[in-house]
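The values are calculated or read from the model by the stated rules, or taken from the named source; none is laboratory data. Model, not experiment: these values are computed from the prediction. Reconstructed Cβ throughout: ideal geometry from the backbone, glycine too, with neighbour counts over all protein chains shown.
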């Protein structure tokens with residue numbers, strides 16, 4: 001897996017460059033032949049009410065967009081969430097297809113799914129695993145000395 005971090009803030013870019021390979025390794029997708037592009041988006045939260053998104057942007061290429069105004073730790077949790085979607089997409093679990101009418105159809109494990117946001121199988125997994133991934137990252141940073149509550 002290759003990563004192309006297209007973010008102007010050097011601090012944010014450096015952080016993401018260090019964290020994203022860790023998440024890819026934890027999700028067992030680091031050896032997949034994909035390029036992951038990471039970009040900022042100033043209007044995701046404001047106009048669309050979400051912190052991040054991932055989509056196909058080319059052959060074996062996925063783009064993750066993160067809201068520009070996210071602060072730590074929300075930035076790292078959102079990146080973890082979107083990396084779970086990357087895992088789902090490269091493994092063929094979560095599919096996005098454009099229908100004849102131009103609308104996007106979403107599928108899970110080969111079946112079309114129409115469900116409320118929090119009841120979609122790919123979102124259930126992403127919300128569950130984002131916290132686990134973020135916790136593993138904190139453990140790594142703190143040398144496995146994270147305080148458990």
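Could you grab me the full set of residues in region 16-48 that are in a helix (DSSP H, G or I) and modelled with pLDDT of 95 or more? Spell out the reasoning first.
Start the filter on region 16-48 by keeping residues that are in a helix (DSSP H, G or I), which leaves 16-26, 44-48.
16, 17, 18, 19, 20, 21, 22, 23, 24, 25, 26 - these are the residues of region 16-48 that are in a helix (DSSP H, G or I) and modelled with pLDDT of 95 or more.
Quick test for you: out of 95, 53, 49, pick the one residue that is under 11 Å from the mean Cα position of the chain (by Cα) and surrounded by fewer than 20 Cβ atoms within 10 Å (Cβ to Cβ).
53
From 64, 77, 36, which residue is touching a residue at least 40 places away in the same chain (Cβ under 8 Å), closer than 19 Å to residue 20 by Cβ, surrounded by 14 or more Cβ atoms within 10 Å (Cβ to Cβ) and touching a strand residue (DSSP E or B) at 6+ places or on another chain (Cβ under 6 Å)?
The conditions single out 36.
Being at pLDDT below 95, in contact with a helix residue (DSSP H, G or I) (Cβ under 9 Å, 6 or more places away or on another chain) and part of a helix (DSSP H, G or I) is true for just one of 140, 128. Which residue is that?
Only one candidate qualifies: 140.
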